[in-house]
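Trainee: Sharing a structure, written as structure tokens. Questions coming.
The values are calculated or read from the model by the stated rules, or taken from the named source; none is laboratory data. Please read all numbers here as calculations on a predicted model, not as lab measurements. Heads up, the Cβs are rebuilt from the backbone with ideal geometry, glycines too, and the neighbour counts pull from every protein chain shown.
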Amino acid sequence: MIVYASTKVNFREDVRNNQIVEKILADYRRNLGHSTSRSEMDSWKNSMMYMSNILEDNDIPDDTGVAIEYKIPQTSKRIDIILTGINKDKRSSAVIVELKQWSDAKITDKDGIVETFLGGSVRETSHPSYQAWTYAALLDDFNEAVQEKNISLNPCAYLHNMKSDSVIKHSKYKFYLEKAPVFISSDAGKLTMERLGLQKI
């Protein structure tokens, strides 16, 4: 189930007019039957502005699909952003973007786990690449359209507040980084050029 669905042009207009949080919340209540926390709404307000900046690139088609808060069937997992369109091979493509507002993180001795400040304290949590990659795997397993239409899935993570990549791109996480690259604040242009790959028809 998708909470909010639009096109690049309309999504960017909603952000520019400061209507994006209101629209996501209205769709959230209608589709999920309940509201959400103020912290999640604040997260939408912050992160969607950065995604809108990414989509400013004229090479990304105006009719690129933008889906927000996609609930993966048979799970409680929700994907932050899915961008849809056609790639250079003329194949339907979906770019899964895991958004994080983290400003820093610490390496742990556990596989695919980092430490960062969450919910008022420093906690262990999944590395964003691991998270995005598992979402793509779940989508591939549980979404019939992905299977039947042979849609190309391209997971990545965007940490728009993070300035240093020494931890989040550490070689310890190489396996997951190869599955789902991480982009930090200085990588915004690379996220557009290297990962989206959505072509004008």
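Trainee: Between a residue in the range 153-164 that is assigned to a loop (DSSP other than H, G, I, E, B) and any residue that is hydrophobic (A, V, I, L, M, F, W, C), which pairs come within a Cβ distance under 6 Å, given they are 6 or more apart or on different chains?
Mentor: Filtered contacts from the range 153-164: Met162/Trp102; Met162/Ile184.
Trainee: Moving on to the next point. Among the residues of the range 110-138, count how many are modelled with pLDDT of 95 or more, in a loop (DSSP other than H, G, I, E, B) and of a type outside the set (Lys, Arg).
Mentor: The number of residues fulfilling the criteria is 3.
Trainee: May I ask you to list the residues in the range 1-11 that are among the β-branched types (Val, Ile, Thr) and in contact with a Phe, Trp or Tyr (Cβ under 9 Å, 6 or more places away or on another chain)? Outline the logic, then answer.
Mentor: As a first pass, look at the range 1-11 and keep what is among the β-branched types (Val, Ile, Thr): 2-3, 7, 9.
Across the range 1-11, the qualifying residues are Ile2, Val3.
Trainee: Step by step: first the residues of the range 71-110, then only those that are over 17 Å from the mean Cα position of the chain (by Cα) and of a type in the set (Lys, Arg), then the one that is nearest to Ile60 (Cα to Cα). Which residue is that?
Mentor: For the range 71-110, the residue satisfying everything is Lys88.
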